[in-house]
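Q: Pasting in a structure now, in structure tokens, and then I'll have a few things to ask.
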Amino acid sequence: MTGPHYEAFTVPVEGGDLYGGMWGPPNAPVVLAAHGITGNHLHLGFVARELSTDRRVVAPDLRGRGASAAITGPFGMDVHARDLVAVLDHVGAEKAVVVGHSMGGFVATTMAANHPDRVERLVLVDGGLALDAPKGDVDEILDAIIGPAVQRLSMTFPSAQAYRDFWKAHPAFASDWSDVMEAAVDYDLVGTPPELRSGVSLDAVRRDSIDNLDDERVRRVAEESRCAIELLWAERGMLDQVPGLYTEELVAPFRTWLGDRFGDRFGDRRIDGVNHYTIGLSERGAKEIASAARG
């Protein structure tokens with residue numbers, strides 16, 4: 001992948017080794033970034049390009065994803081939050097600005113609630129506040145919310161190009177395919193032709209999704225942490241549809257509740273012209289995230 005200096009890392013955690021990557025100057029302030037429920041750390045490539053001139057962007061593959069897929073458990077937001085603390089310890093950072101996209105937003109709020117002394121600021125990117133999820137069992141909820149993203153975990157592909165073509169046909173990337181997305185897609189692929197597949201653990205996705213459907217963590221952040229929170233929410237959804245996952249009706253109660261407790265430490269912005277994916281996987285969205293991360 002072209003762009004700023006990149007360095008891989010490995011951190012021993014409960015259940016195995018956590019892998020990831022870092023971009024930017026070694027001694028710069030750290031921005032710790034957590035990807036979405038079926039993503040990997042390379043999805044943060046655009047954000048790294050925007051921030052790495054004066055920040056060190058550190059992004060793990062969350063357990064059950066990417067090169068951390070061999071970790072078979074435990075899962076859940078509390079464990080992911082402990083993993084992020086282990087990553088901070090590994091890079092020698094006492095605290096960091098924490099950016100979380102989609103499920104990564106729930107990981108970020110959990111980290112701020114459980115380890116408030118390690119989080120300087122939260123940037124929640126189309127995630128972190130509970131969604132108005134449909135009722136049903138976990139698989140019905142997953143299908144309704146993330147659809148093709150989870151369906152692909154049971155699919156096989158004859159070649160790497162076929163997997164790229166699968167993603168290129170996704171409505172979210174109709175006009176936003178990029179070298180960053182291609183690198184993340186290639187990195188996700190495991191196996192041998194013609195039986196290539198995503199390396200994401202379906203078990204991890206199912207078990208983590210149960211932890212994504214409540215508001216308790218963000219309420220605990222308000223009560224137990226002094227960090228600032230900024231929510232960036234996309235105009236469009238996972239299939240590039242309007243409305244997106246977050247709407248004014250959904251965000252407004254949080255704005256009122258958090259505003260009363262946080263004052264000017266809470267803010268939110270709708271980012272127009274992007275969807276749930278391209279809010280992070282495009283230059284436009286990444287510029288907004290970088291601005292929020294810098295404060």
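Q: Working carefully through the options ALA70, ALA86, ALA96, find the one that is closer than 23 Å to GLY128 by Cβ, modelled with pLDDT of 95 or more and surrounded by fewer than 23 Cβ atoms within 10 Å (Cβ to Cβ).
A: ALA86 is the lone residue from the list that is closer than 23 Å to GLY128 by Cβ, modelled with pLDDT of 95 or more and surrounded by fewer than 23 Cβ atoms within 10 Å (Cβ to Cβ).
Q: Within the range 276-292, is even one residue at pLDDT below 95 and in contact with an Asp or Glu (Cβ under 6 Å, 6 or more places away or on another chain)?
A: No, the conditions are met nowhere in the range 276-292.
Q: Something else now. Here is a check on your reading of the model: is ARG207 basic (Lys, Arg), surrounded by fewer than 21 Cβ atoms within 10 Å (Cβ to Cβ) and over 19 Å from the mean Cα position of the chain (by Cα)? It would help to see each step written out before you state the result.
A: Numbers: basic (Lys, Arg): yes; surrounded by fewer than 21 Cβ atoms within 10 Å (Cβ to Cβ): yes; over 19 Å from the mean Cα position of the chain (by Cα): no.
Considered against the rule, which asks whether it is basic (Lys, Arg), surrounded by fewer than 21 Cβ atoms within 10 Å (Cβ to Cβ) and over 19 Å from the mean Cα position of the chain (by Cα), ARG207 comes out as no.
Q: Follow-up. Would it be correct to say that ALA33 is in contact with a Leu (Cβ under 6 Å, 6 or more places away or on another chain) and either surrounded by 23 or more Cβ atoms within 10 Å (Cβ to Cβ) or among the acidic types (Asp, Glu) (or both)?
A: For ALA33, the condition - in contact with a Leu (Cβ under 6 Å, 6 or more places away or on another chain) and either surrounded by 23 or more Cβ atoms within 10 Å (Cβ to Cβ) or among the acidic types (Asp, Glu) (or both) - is met.
Q: Within the range 248-269, identify whether any single residue is closer than 20 Å to ARG65 by Cα, surrounded by 15 or more Cβ atoms within 10 Å (Cβ to Cβ) and in contact (Cβ under 8 Å) with a residue 60 or more places away in the chain, and answer yes or no.
A: Checked against the condition, which is being closer than 20 Å to ARG65 by Cα, surrounded by 15 or more Cβ atoms within 10 Å (Cβ to Cβ) and in contact (Cβ under 8 Å) with a residue 60 or more places away in the chain, the range 248-269 yields no hits at all.
Q: What are the residues in the range 210-251 that are over 17 Å from the mean Cα position of the chain (by Cα), part of a helix (DSSP H, G or I) and modelled with pLDDT under 90, if any?
A: Result: GLU216, ARG219, ARG220, VAL221, ALA222, GLU223, GLU224.
The values are calculated or read from the model by the stated rules, or taken from the named source; none is laboratory data. Note that the coordinates shown come from a computational prediction; the quantities given were computed from them, not determined experimentally. Positions of Cβ are generated from backbone atoms using ideal geometry, with glycine treated the same way; all protein chains shown enter the neighbour counts.
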